[in-house]
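Peer 1: Got a structure for you, questions after.
Quick note: the coordinates plus some simple rules give every number you see, no bench work behind them. Since the model is a prediction, treat every value here as computed from it, not as a measurement.
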Amino acid sequence: MGIFDFLTGEFIDVIHWVDDSRDTMVWRFEREGHEIKYGAKLTVREGQSAVFVHEGQLADVFTPGLYMLETNNMPIMTTLNHWDHGFKSPFKSEIYYVNTTRFNDLKWGTKNPIMLRDPEFGPTRIRAFGSYSVRVSDPARFLTEIVGTDGEFTMDEISFQIRNIIVQAFSRVIAGAGIPVLDMAANTADLGKIVATEISKVVADYGLSIPEFYIENISLPPAVEEVLDKRTSMGIAGNLDNYMKFNAAEALSSGGTEGSAMAASMGAGMGAGMGMAMAQSGPWGAAPQVAPQAAPQAAPQAAPIAPPPPPVEHVWHVAEGGETSGPFSKARLGRMATAGDLSRDSFVWTPGQDGWKRAEDVAELAQLFTIAPPPPPGA
């Protein structure tokens, strides 16, 4: 083996990258002095791209395949340096490997509650969380806009920024969708598509794309969920009077402590009645003795009937000029009607009412416009 063959062999190099970290997005091929030998073989595997940077300038992007790095088959390199094809010197360049596979099961969530106006509950707050995936769609743009000269760039370095973009887009979409909170669970797929479209417009400037985006849960504050659970329980119970009677019958038939106590009470009552009947009959079947008639006693007075609970006062929202105000009590609406701030054509809404209605169409408020003061004294 001659000296020239030995030197030529020393200049042959194999450049490749095998990643086992699962979170590395960009890795720079390290070489002393960034010297890449003439005729080096560049291996780019599926799910990778290689970005060739020469003297700080992005020269080329290699897709999956096997390449021979020579000046005579790299037009960009020849244009940059005007090298003689016969001068086989090492390249003073850098090669960055970019992982173009999907990074899956990335989490997102709202750090603070999102304020929105619900058609049924009025102003309310919600939280949401889910998952998404991201991949590098434009390696050159991703390298120039995000990575720079970082020799090893991981997903953790950009995930916080992407989460902020997701929360901002989700807040804007959910606040303007106008979907009731109780119907959001049935529309998470459509909401996810809209949010993913909004996010893709922003991350495209980073050279990234969002292949998948999922909304896993949308929740209300705990206090609101507790009231909603009570409302659901009342709907399931139905007629409360029948429900209480059913519970009493179940207690009698269960044979438990309560059922035994009630049965004992009924048995004691029956025994007392039989004793009184035997006392009135004579011995050995004799004619029953006539008991002296006792003085008539006053009939026991019935327990006073408790008054019904006071009616629940409604509170009202008023819509004027595309904006809503309230809630107001009925007394407050009366003062507003007197002052001219509320008219018959003003639209009002109260919880439980089916949509907005004019004030004069609501029986409870119509009287605010029909009551006139009595004639003055001496008229």
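Peer 1: Multiplying the sequence separation of ARG332 and SER233 by 0.36 nm and subtracting their Cα-Cα distance, what value in nm do you get?
Peer 2: On the way: separation 99, 0.36 × 99 = 35.64 nm, distance 3.32 nm.
Once the chain is fully extended between ARG332 and SER233, it gains 32.3 nm.
Peer 1: Near LYS41, which lysines are there with a Cα under 18 Å away, not counting those fewer than 8 places off in the same chain?
Peer 2: LYS88, LYS92
Peer 1: What percent do you get for the relative contact order of the stretch 20-68 when only Cα pairs under 8 Å and 6+ apart count?
Peer 2: 33 percent.
Peer 1: Using amide H atoms built 1.01 Å from N in the peptide plane, name the residues 5+ places from LEU106, or on other chains, whose amide H lies under 5 Å from its own.
Peer 2: TYR132
Peer 1: I've got another one for you. Cross-link candidates for LYS201: which lysines have Cα within less than 20 Å, leaving aside residues fewer than 8 places away along the same chain?
Peer 2: Straight-distance partners of LYS201: LYS107, LYS193.
Peer 1: Tell me, what ³J(HN,Hα) does each residue in the stretch 330-337 have, in order and in whole Hz, if you take phi through Karplus 6.51 cos²θ - 1.76 cosθ + 1.60 with θ = phi - 60° and put x for Gly and Pro?
Peer 2: 5, 5, 5, 5, x, 5, 5, 5
Peer 1: Let's test this: bin the Cα-Cα distances of the stretch 316-369 at 5 Å from zero up to the farthest pair and state each bin's percent.
Peer 2: Values per bin, smallest distances first: 5, 21, 38, 27, 8, 1.
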